[in-house]
Amino acid sequence: MPKTSTKNKKNTLKKVSKEELIKKANKPAEDAMKMHPFYKGKIEVTPKACIRTYDDFAIWYTPGVAAVCKDIHKNPEKVFEHTNKGNTVAVVTDGTRILGLGDIGPEAGMPVMEGKAMLFKYLGGVDAVSICLNTKDPDEIIKTVSYLEPCFGGINLEDIEQPKCFYILDELRKRMKIPVWHDDQQGTATVCLAGLINALKIAGKKISDVKIVLLGAGAANIRIGILYMKYGAKPGNLIYVDSKGILHKGRTDLQNHKEKWHMCQITNKDQITGGLKEALVGADVLSAASTPGPDVVKKEWVSAMNKNAIVFVTANPIPEMWPWDAKEAGAKVVATGRSDFPNQVNNSLGFPGIFRGALDVHAKTITDEMCIAAAEALAKYAEKKGINEDYIIPLMSEPEVYVQEAVAVGLKAIEQGIARVKLTEKQLRKSAEEKIFRAIKDTKMRMEKGIISKFK
């Protein structure tokens with residue numbers, strides 16, 4: 001039996017007025033409009049090597065650096081030893097699917113990419129650079145990102161519209177010998193799997209037995225379904241629902257959508273038709289990544305689910321249904337994408353630790369098995385602290401969880417033979433702890449010293 005506890009409840013779930021919700025939801029945007037122009041962005045480049053006197057520039061630059069260049073030329077793998085390549089990630093977008101705002105362009109996407117870079121650094125000790133491309137052509141994106149390989153240890157694709165995001169990810173993973181990751185797919189799936197692992201423990205169910213309904217068939221939920229199946233869910237027990245209804249073999253309108261059509265062939269063993277209402281009858285899990293609510297999912301539909309149902313409603317800023325409505329309808333465990341409700345399923349719990357582990361072993365890619373290892377690390381961390389209905393997944397404010405993820409991911413990469421360097425568990429933990437806690441301490445120190453100006 002999993003260890004349970006009442007000590008880790010993140011929030012007390014209670015109904016609040018629409019006016020209170022609107023006010024609370026608008027506050028971050030109001031603050032953002034003040035603080036972004038104050039700081040003029042969120043990231044900067046700062047030296048990591050000592051500069052004892054000006055004479056040191058003869059070491060870091062010319063003439064001393066020539067010896068280092070020749071060493072890399074003789075042995076290209078030395079680039080990981082002599083430069084910051086092994087700790088640098090490019091956060092790449094074309095601006096076609098920024099948050100829930102849609103195609104607003106690469107310039108308007110920069111604040112999001114810089115924010116991602118900030119999370120990479122503070123939570124994972126990873127140096128990330130925002131790269132917003134002025135093209136929507138998938139082949140041009142693939143070609144451009146491929147050209148970046150010498151400078152980066154990994155690529156994080158972000159906010160690229162579907163279906164081209166699938167093609168771009170697949171092609172880049174084939175062509176590049178560094179990890180290429182689409183956070184809207186792999187990151188979301190990893191964190192949702194982590195939450196589901198512990199939610200099933202609370203509900204007393206097994207993933208191989210449950211009927212899972214996935215509301216939304218976009219990039220996130222397609223990959224979520226894939227990872228659920230990799231972890232043990234039976235394809236026939238999954239049912240997808242998109243804006244036009246349940247996916248099944250008769251949905252010939254989806255023949256030109258490779259990923260959706262594939263799901264039509266392998267899921268929904270009973271070939272149920274209709275919409276979400278019909279799909280949820282007798283379901284054990286609802287995993288929604290679709291249209292912001294509320295009332296996209298009706299209480300009476302959740303009531304038709306099996307006993308001890310699990311409901312993940314992750315749309316932002318408003319989930320597909322209010323969590324208290326899901327609870328009143330009989331759901332045992334409810335998760336959302338919001339930080340002010342219990343059980344926040346948030347990508348930020350995944351990518352910093354996963355990339356930390358992949359970078360520390362100079363991995364050539366990030367596999368589904370590495371994502372599963374990260375999900376299991378997240379779930380185990382929460383279980384060790386004591387899971388309950390309102391605490392199935394760690395909080396972003398628990399930095400040790402990123403170390404756990406990094407170790408698990410690094411070990412899995414070594415096991416799968418895709419790591420350039422082999423480290424022990426102890427070495428991986430030391431590396432992750434040093435980089436992650438250094439980033440946190442460095443930021444706090446710079447704030448205390450006034451190097452980062454205090455916002456007034």
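General remarks:
- Qualifying residue in segment 310-322 (condition: more than 22 Å from the chain's Cα centre (by Cα) and either among the basic types (K, R) or farther than 22 Å from A199 by Cα (or both)): no
- For segment 409-422, the set of residues classified as over 16 Å from the mean Cα position of the chain (by Cα) and either surrounded by fewer than 20 Cβ atoms within 10 Å (Cβ to Cβ) or not in a loop (DSSP other than H, G, I, E, B) (or both) consists of G410, L411, K412, A413, I414, E415, Q416, G417, A419, R420, V421, K422, listed by residue number.
- Criterion (farther than 21 Å from H182 by Cβ and either among the hydrophobic types (A, V, I, L, M, F, W, C) or not assigned by TED's automatic domain parsing to the domain that holds V285 (or both)) met by exactly one of M305, M396, M370: M305
- Taken over segment 423-453, the criterion of being among the hydroxyl-bearing types (S, T, Y) and part of a loop (DSSP other than H, G, I, E, B) is satisfied by T424, S453.
- Residue ID - modelled with the lowest pLDDT, chosen from residues in segment 297-316 that are among the polar types (S, T, N, Q) and either buried (at least 23 other Cβ atoms within 10 Å of the Cβ) or farther than 24 Å from K205 by Cα (or both): N316
- Selected residue (only one of K34, K10 is at pLDDT below 65 and not hydrophobic (A, V, I, L, M, F, W, C)): K10
- Condition check for E114: more than 27 Å from L349 (Cβ to Cβ) and not β-branched (V, I, T): no
- Consider segment 203-224 and keep the residues that are buried (at least 24 other Cβ atoms within 10 Å of the Cβ) and of a type in the set (G, A, S). The one that is nearest to the chain's Cα centre (by Cα) is A220.
- Looking across segment 225-269 at every residue that is within 22 Å of N306 (Cβ to Cβ) and among the aromatic types (F, W, Y), the one that is farthest from the chain's Cα centre (by Cα) is identified as Y240.
- Answer from P319, P352, P294, P342 - the residue that is surrounded by 24 or more Cβ atoms within 10 Å (Cβ to Cβ) and at pLDDT below 95: P319
- A331 small (G, A, S) and at pLDDT 95 or above: yes
- Only one entry of L196, L200 meets the criterion of being touching a residue at least 40 places away in the same chain (Cβ under 8 Å), under 25 Å from E389 (Cα atoms) and within 19 Å of the chain's Cα centre (by Cα), and that entry is L196.
- Output for segment 58-104, where each listed residue is closer than 23 Å to F166 by Cα and surrounded by 16 or more Cβ atoms within 10 Å (Cβ to Cβ): V89, A90, V91, V92, T93, D94, G95, T96, R97, I98
- Just one of (1) within 23 Å of G232 (Cβ to Cβ); (2) buried (at least 24 other Cβ atoms within 10 Å of the Cβ) fails for V403. It is (1).
- Restricting segment 335-392 to residues that are part of a strand (DSSP E or B) and closer than 28 Å to W324 by Cα leaves a set whose member that is nearest to the chain's Cα centre (by Cα) is Q344.
The values are calculated or read from the model by the stated rules, or taken from the named source; none is laboratory data. Keep in mind it's a predicted model, so treat the numbers as computed, not measured. Methodologically, a virtual Cβ is constructed for each residue, glycine included, from the backbone with ideal geometry; neighbour enumeration extends over all protein chains shown.
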